[in-house]
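One structure is given here, and the rest of the page talks about it.
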Amino acid sequence: MAECPFCRIVQGDLPSKKVYEDDEVYAFEDIHPQAPTHVLVVPKKHIRGLPEAKAEDSQVIGHCLCVAAAIALECNLQGSYRVVCNSGPRAGQSVFHLHFHLLGGRDMRWPPG
């Protein structure tokens with residue numbers, strides 16, 4: 001989608017600090033980090049959000065989570081990190097392309113909002 005900033009990042013039309021890339025997933029540093037490690041993991045396929053995901057998207061969604069776990073390991077987060085997927089504007093989703101926030105490197109509180 002031409003107007004989607006994450007699609008434009010995946011396509012190389014907007015700059016990003018790439019952390020990981022394969023055929024299905026792209027991960028990059030968040031430009032407004034909320035933790036010492038804050039990486040966004042996005043499927044290359046445009047999926048507006050979790051409510052719009054279809055059964056055929058389950059593989060890439062699972063792959064995003066595995067990529068997040070692998071990045072956390074590479075970043076030495078010692079198995080202590082959070083993966084967040086905001087769904088809708090009231091939950092904090094501001095870019096409507098499904099994505100997962102990998103947050104780590106500091107103490108996390110609960111509840112998170």
Towards the positive end of the charge dipole of the chain, with charges on Cβ (+1 Lys, Arg; -1 Asp, Glu), say which of V41, P89, V60 has the farthest Cα. P89
Can you tell me the order of 88-96, 65-73 when each peptide is scored by its average per-residue count of other Cβ atoms within 10 angstrom, highest first? 65-73, 88-96
What does the convex hull of the Cα atoms of segment 1-54 come to per residue, in Å³, rounded to a whole number? 97 Å³
For the chain, can you list the cysteines whose C-beta has no other cysteine C-beta under 4.7 Å from it? C64, C66, C75, C85
Taking 0.36 nm per intervening residue step and subtracting the Cα-Cα distance, what contour gain separates K45 from S58 on full extension? 3.5 nm
Which residues does the label zone of V84 cover in segment 12-52, counting backbone N under 15 Å from a point 7 Å along Cα→Cβ? 30-41
May I ask for the angle, rounded to the nearest 10°, between helix 58-74 and the longest principal axis of the chain, with both axes built from Cα atoms and the value confined to 0 to 90°? 40 degrees
Pop a pseudo-label 7 angstrom from the Cα along the beta-carbon direction at both Q34 and L14 and give the gap in nm to one decimal. 1.8 nm
Per its Cα gyration tensor (rounded if a/c is under 1.5, else prolate when a/b beats b/c, else oblate), segment 1-92 is best filed as rounded
In cubic angstrom, how much convex hull volume per residue do the alpha carbon atoms of segment 67-112 span? 80 Å³
In nm, spacing of pseudo-spin labels at W110 and N76 (7 Å Cα→C-beta vector): 2.7 nm
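None of the figures in this text is laboratory data; all of them are computed from the coordinates on show. Just so it is clear, the structure is predicted and the values come from calculations on it, not from any experiment. Don't worry about glycine lacking a Cβ; one is built from the backbone with ideal geometry, like all the others, and counts go over all protein chains shown.
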